[in-house]
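Student: I'd like to ask you about the structure that follows.
None of the figures in this text is laboratory data; all of them are computed from the coordinates on show. These figures come from a predicted structure and were not determined experimentally. Glycine gets a Cβ as well: all are built from the backbone with ideal geometry, and neighbour counts include every protein chain shown.
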Amino acid sequence: MIWVGAGLLILVAVTGFGVVRTRDVTGQVIAISFYGVLMSLVFFFFQAPDVALSQITVGAVALPLMIMLAISRMKYRTVRMRKRERDA
Amino acid sequence: MPHVLHLLPYLVAAWLFFCGLYGLVSSRHLVHSVICLAILQSSTYILLLGIGYRVGGVAPIFADIAPGTVTVDPVVQALMLTDVVVEAVVVALLLAMVVKAHEKSGTVSPDELRTLRG
Amino acid sequence: MRETLRVRLFFVFGGIFFLLFCSAARNLPPWGSYRGPYGDVIARVSVYERHATDVVNAINYDYRAMDTLGEEFILFTAVLGVLMLLRREQVKVNEGEKIDDRIRLSLTARASAMPALLVTVVFGFYIGLHGQLTPGGGFQAGVILASAPFLLYVCENTESFRRVTSHRALEVIEAAGAGGYAVIGLAALALGVPFLTNFLPLGTTGDVFSSGTIALISACVGFEVTAAFLLAGYAYLQEIIAGETPEE
């Protein structure tokens, strides 16, 4: 059982490095959603159900949603500025 | 507990901390640096939970086990619970600042933002 | 400073710090042998003292309620900052620039999202009410309940999201949640006991209405977190929803 936990921790380390090295921002949102689900598995292993419940809802749903909303707001503004320049 | 695993969560926490810091230092997109800040913050979760873990301990919920059973440390879990939710809202605040910076200057690269003034 | 120079400096000094951290970590207790007394004392004592079977929530809302008050106000201030940065007054809306807000999903997808919405809301209330008995509590329930209108946004158009979240009532709910926590603490002061003492009757262990102010504080926090996430989401979507133009 302890080796399962050790394997999960190594997986978390590798995934964290992968999230940092993803340069495309939209792809990084998917990566951090996967990282959040993996962290909640680690919290289950550490016998912390409250924290795992928090991490599932926040790290896999709310955090990527906020980041995607921010990215789409910036893209929407860029598209609209360009359309206005083209029409002007 | 095998001797090789004695320091594993602390080392993983330090590794995640430095990955996040490396991403922050070498980032070319402000949203990428905010996400690396989230990785930085999650390294503290691993460190704290690693300190509070006890082999053979169960979760500190006494709804169906007898009071007095050996559990893991509940205090670090209490500290971490609020932290996870607050992290998401602080990331939202940082992203609002990024959106405003993009609106005022048209760019999201931190290097270019330094040279545009006034 | 150029990027390559920055990264090289980081590797040099970061490497030194990493080695120092590893040599300091050798003095930490080995993984899996927690020795400290505080956690054991609270786990043994809190079921009898507070009639709450979830020790983590008893710590959060009773033994260390002051820390949770501070965290809740961090949340409140962060949402205040988001709203201040992203709100704008209603300016003119150019007709050709409105976003295409049609409903894009098929009827099957939308029809099967409605039971999911119902289950989410019921589950959120269940988690919020049973915080003192099983894993759950105000923070988790708030996030679960806040994800329900976002499900609406994903499955239907932004108009249905706006109809749920654009009310002034959401701001009142958030303020009431944040202030309610402080008021409960001050009510304890008014009764002559220290700030944030558990002064309500404790009830039977295992009942939903047990453990005094823990359930009440948990409910306040749940309202506040729900409203905070919905307000932040609405602030991000506001420009896309109404098609407002920025001031030139």
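Student: List B:S105, B:S26 from most exposed to least, where exposure is judged by having the fewest other Cβ atoms within 10 Å.
Tutor: Lowest to highest Cβ neighbour count: B:S105, B:S26.
Student: Per DSSP H run of n ≥ 4, the term is -39500 (n - 2.57); total these for the protein assembly as shown, divide by its residue number, and report the mean residue ellipticity at 222 nm rounded to 500 deg cm²/dmol.
Tutor: Counting only the DSSP helices, I get -24000 deg cm²/dmol.
Student: Also, quick follow-up: How would you classify the protein assembly as shown from its alpha-carbon gyration tensor, with a ≥ b ≥ c the square roots of the eigenvalues: rounded for a/c under 1.5, else prolate if a/b is greater than b/c, otherwise oblate?
Tutor: oblate
Student: Now, a different point. Could you work out how far apart the two model spin labels at C:L80 and C:V45 are, taking each label as a point 7 Å from the Cα in the direction of the beta carbon, and quote it in nm?
Tutor: That separation, rounded to one decimal, is 3.5 nm.
Student: Further, regarding this structure: Bin width 5 Å, origin at 0, all Cα-Cα pairs of segment C:155-211: what percent of pairs per bin?
Tutor: All Cα pairs considered, the percentages come to 4, 16, 12, 13, 14, 12, 9, 9, 7, 3, 1.
Student: Stretch C:L5-C:A176 to full length: gain in nm at 0.36 nm per residue minus the Cα-Cα span?
Tutor: So the extension gain works out to 56.5 nm.
Student: In chain C, with Lys and Arg counted as +1 and Asp and Glu as -1 at Cβ, which of these residues, C:A58, C:F195, C:N157, has the Cα nearest the positive end of the dipole, that is, farthest along it?
Tutor: In chain C, that residue is C:A58.
Student: For a footprinting-style exposure proxy, rank C:I184, C:I144 by other Cβ within 10 Å, fewest first.
Tutor: Ranked by crowding around the Cβ, least crowded first: C:I184, C:I144.
Student: Quick one: which residues, 5 or more positions from B:V58 or on another chain, have an amide H under 5 Å from its amide H? H modelled 1.01 Å from N in the peptide plane, none for Pro or chain starts.
Tutor: B:T71, B:V72
Student: How big is the gap, in Å, between the Cα center of segment C:4-72 and the Cα center of segment A:41-67?
Tutor: Centre-to-centre distance over Cα atoms comes out at 17 Å.
Student: Can you put A:V58, B:V75, B:V25 in order, fewest other beta carbons within 10 Å first?
Tutor: Fewest to most other Cβ atoms nearby, the residues stand as B:V25, B:V75, A:V58.
Student: Please state the Cα pair-distance histogram of chain C with 5 angstrom bins from zero: what percent is in each bin?
Tutor: Percent of pairs per bin, in order: 1, 6, 10, 12, 12, 11, 10, 10, 10, 9, 6, 3, 1, 0.
Student: Only sites in a loop by DSSP and with at most 11 other Cβ atoms within 10 Å count here; which trypsin sites (Lys or Arg not before Pro) in segment C:1-78 make the cut?
Tutor: Those satisfying the criteria are C:R2, C:R26, C:R35.
Student: Note down the magnitude of the dipole of the protein assembly as shown about its Cα centre, charges +1 on Lys and Arg C-beta and -1 on Asp and Glu C-beta and zero elsewhere, to the nearest 20 debye.
Tutor: Magnitude of the dipole: close to 1400 debye.
Student: What is the Rg over Rh value, at two decimals, for segment C:111-217, using alpha-carbon atoms and the Kirkwood definition of Rh?
Tutor: Value, to two decimals: 1.08.
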